[in-house]
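Q: I have a structure I would like to understand better, so I am pasting it below and will then ask my questions one at a time.
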Amino acid sequence: AGLESALAHALTRGEYVLHYQPLVDTRHRRVVSAEALLRWESPEHGLQSPAAFMPILERGDHIIEVGAWVLREACRAAQSWGGTDVRVAVNLSARQFTSPGLLDTVRQALRETGLPPHRLELEITETLMMLNPERTERVLRDLRSDGVRVMLDDFGTGYSSLGYLARFPLSGLKIDRSFVRQMMQDPQGKSAAIVRAMVSLSRDLNLELVAEGIESLQDLDVVMAEGICVVQGYHFARPAPDWRPPGAG
Ligand code: G
Ligand code: G
Ligand code: NA
Ligand code: MN
């Protein structure tokens, strides 16, 4: 109960912060996006990862307000990066994605901050995408027609069927970092074969492909050898507060 009641006040007390971790396009040696990652600076418990408190927030309605704050704050930060076209990526929770107000919340965050819609990227998981496929399809169409990008996060670990990749208007796929780990252990193994299929699939479906969890130069070499150009991971940068894109002043 300690965490739960402390969380109820975290938003009004200004205890939430966003850390940012860049996504790098290795072809152009350029940061293309930065993922906003929520942290709770709890006075009693210290810096908390969403893994610790998201499950608690998901049980209440409060998560809708926190999600709206994350969207607005991420858009505000990205707008403050100045004359760059670096995007900002925001993770959506299940409650937030299925809430009737999602589209309004996104539009309001863009309107209030003045961030161009094409600089906002939303990350959803396969599980979330499959909760209500009909609704997902409508919501994604609305978001995409506004110009907002949508990425499928942790791709390869969920339960979506490949048919949905054609049906849903996604912008791209983020290959779960477990594939990179397994490829490093066995470069000719089954995970490598699956990643090769993902590369081919994303090309044919015109989806951007991102490899997560790049922790070393060796990881980078392996994914680049498979033709994956957009990467993210500790090798480039850990999530950090007050992040700005290179050259943004
Ligand atoms: O940053 P970290 O590895 O601690 O994140 C743990 C999990 O929390 C990841 O799955 C990440 O996607 C998720 N997460 C991070 N920030 C947010 C956020 O703002 N909203 C939601 N819904 N999930 C987030
Ligand atoms: O579920 P999602 O992919 O959104 O999780 C994002 C989280 O993954 C971030 O919060 C971050 O802390 C973590 N992360 C980012 N880069 C790396 C990495 O290179 N290695 C590992 N192990 N975790 C990472
Ligand atoms: Na994510
Ligand atoms: Mn992910």
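Q: State which residue pairs qualify: first residue away from ligand 3 (no atom under 14 Å from the Cβ) and inside the stretch 149-171, second residue among the hydrophobic types (A, V, I, L, M, F, W, C) and part of a helix (DSSP H, G or I) in any location, beta carbons under 6 Å apart, and separation of 6 or more residues or different chains.
A: Ser160/Met129; Phe168/Leu140; Pro169/Leu140
Q: How many of the residues in the stretch 203-249 are within 16 Å of ligand 3 (Cβ to nearest atom), surrounded by fewer than 18 Cβ atoms within 10 Å (Cβ to Cβ) and under 18 Å from Arg29 (Cβ atoms)?
A: Summing the residues that are within 16 Å of ligand 3 (Cβ to nearest atom), surrounded by fewer than 18 Cβ atoms within 10 Å (Cβ to Cβ) and under 18 Å from Arg29 (Cβ atoms) in the stretch 203-249 gives 2.
Q: Could you grab me the full set of residues in the stretch 234-249 that are out of contact with any Leu (no Cβ under 8 Å at 6 or more places or on another chain) and assigned to a loop (DSSP other than H, G, I, E, B)?
A: Result: Tyr234, Phe236, Ala237, Arg238, Asp242, Trp243, Arg244, Pro245, Pro246, Gly247, Ala248, Gly249.
Q: Confirm whether Leu131 is over 19 Å from Asn91 (Cβ atoms) and of a type outside the set (Lys, Arg).
A: no
Each row is one residue, and each column tells you yes or no for (1) under 15 Å from the mean Cα position of the chain (by Cα); (2) modelled with pLDDT under 95; (3) closer than 24 Å to Glu208 by Cβ.
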| position | (1), (2), (3) |
| --- | --- |
| Arg13 | no, no, no |
| Leu18 | yes, no, yes |
| Val32 | yes, no, yes |
| Glu44 | no, yes, no |
| Ile56 | no, yes, no |
| Glu65 | no, no, no |
| Gln79 | no, no, yes |
| Arg87 | yes, no, yes |
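Q: So which of Ala109, Ala94 ends up being under 15 Å from the mean Cα position of the chain (by Cα) and more than 27 Å from Ala197 (Cβ to Cβ)?
A: Ala94
Q: If you don't mind, another one. How many residues does the stretch 36-51 hold that are out of contact with any strand residue (DSSP E or B) (no Cβ under 8 Å at 6 or more places or on another chain) and either among the aliphatic types (A, V, I, L, M) or within 11 Å of ligand 1 (Cβ to nearest atom) (or both)?
A: So the count comes out to 1.
Q: Okay, next question. For the stretch 212-249, which positions are within 15 Å of the chain's Cα centre (by Cα) and more than 27 Å from Leu47 (Cβ to Cβ)?
A: Answer for the stretch 212-249, where residues must be within 15 Å of the chain's Cα centre (by Cα) and more than 27 Å from Leu47 (Cβ to Cβ): just Val230.
Q: So which strands (runs of 3 or more DSSP E) are wholly in the stretch 7-48 and hold at least 1 residues that are within 16 Å of Glu121 (Cα to Cα)?
A: Those strands (runs of 3 or more DSSP E) span 16-25, 30-42.
Q: Here's something else I'd like to know. Identify, from the list Leu18, Leu57, Leu71, the residue that is within 13 Å of ligand 2 (Cβ to nearest atom) and crowded, with 18+ Cβ neighbours inside 10 Å.
A: Result of the check over Leu18, Leu57, Leu71: Leu18.
The values are calculated or read from the model by the stated rules, or taken from the named source; none is laboratory data. A quick note: this is a predicted structure, and the numbers were derived from the prediction, not measured. Glycine gets a Cβ as well: all are built from the backbone with ideal geometry, and neighbour counts include every protein chain shown.
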